[in-house]
Amino acid sequence: MTWRRRSPRAAKTALLITHDLLEAVILSDRVLVMSSRPAASLNEIPIEIGYRDEPLRRRQDGKVAGYMARLMDRLEIARPASDQSHAPQPA
């Protein structure tokens with residue numbers, strides 16, 4: 001018997017708190033970006049990637065990088081130089 005047969009979808013919600021952006025994108029339907037103390041929700045980013053019950057397959061989706069970049073922008077985290085646009089580097 002598969003997991004889906006034993007546990008049909010119900011109207012349930014789980015709240016996952018993580019500092020791992022990749023984990024947030026892969027395991028979520030939406031990500032809430034929170035401010036520092038006192039915590040308040042700054043942004044809600046819906047995650048529109050298929051394969052909801054297959055996190056390893058979700059991880060391979062081409063949209064993951066875009067969501068990661070969007071989260072990094074919202075959190076004001078600088079991306080590594082290899083991820084930056086092809087802007088000229090100072091000499």
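Each reported figure results from applying straightforward, stated rules to the coordinates on display, with no laboratory input. This one's a predicted model, so the numbers in the text were calculated from it and none came from an experiment. Virtual Cβ from ideal backbone geometry, glycine too; neighbours counted across all protein chains shown.
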*For segment 16-31, take each phi angle, set θ = phi - 60°, evaluate the Karplus expression 6.51 cos²θ - 1.76 cosθ + 1.60, and give the result in whole Hz per residue in order, putting x for glycine and proline.*
10, 9, 8, 9, 9, 5, 4, 4, 4, 5, 6, 9, 10, 8, 7, 10
*Ranking K63, K12 by Cβ neighbours within 10 Å, fewest first, what do you get?*
K12, K63
*Mind listing the phi-derived Karplus ³J(HN,Hα) values for segment 36-43, rounded to whole Hz, using 6.51, -1.76 and 1.60 with θ = phi - 60°, and x for any glycine or proline?*
6, 4, x, 5, 8, 6, 8, 9
_Quick query: amide H of M34 versus all other amide H atoms, modeled in the peptide plane; which residues come in under 5 Å with a sequence gap of 5 or more or a different chain?_
L42
*So who's got an amide H within less than 5 Å of the one on K63, skipping anything under 5 residues away but keeping other chains? H placed 1.01 Å off N, in plane.*
none
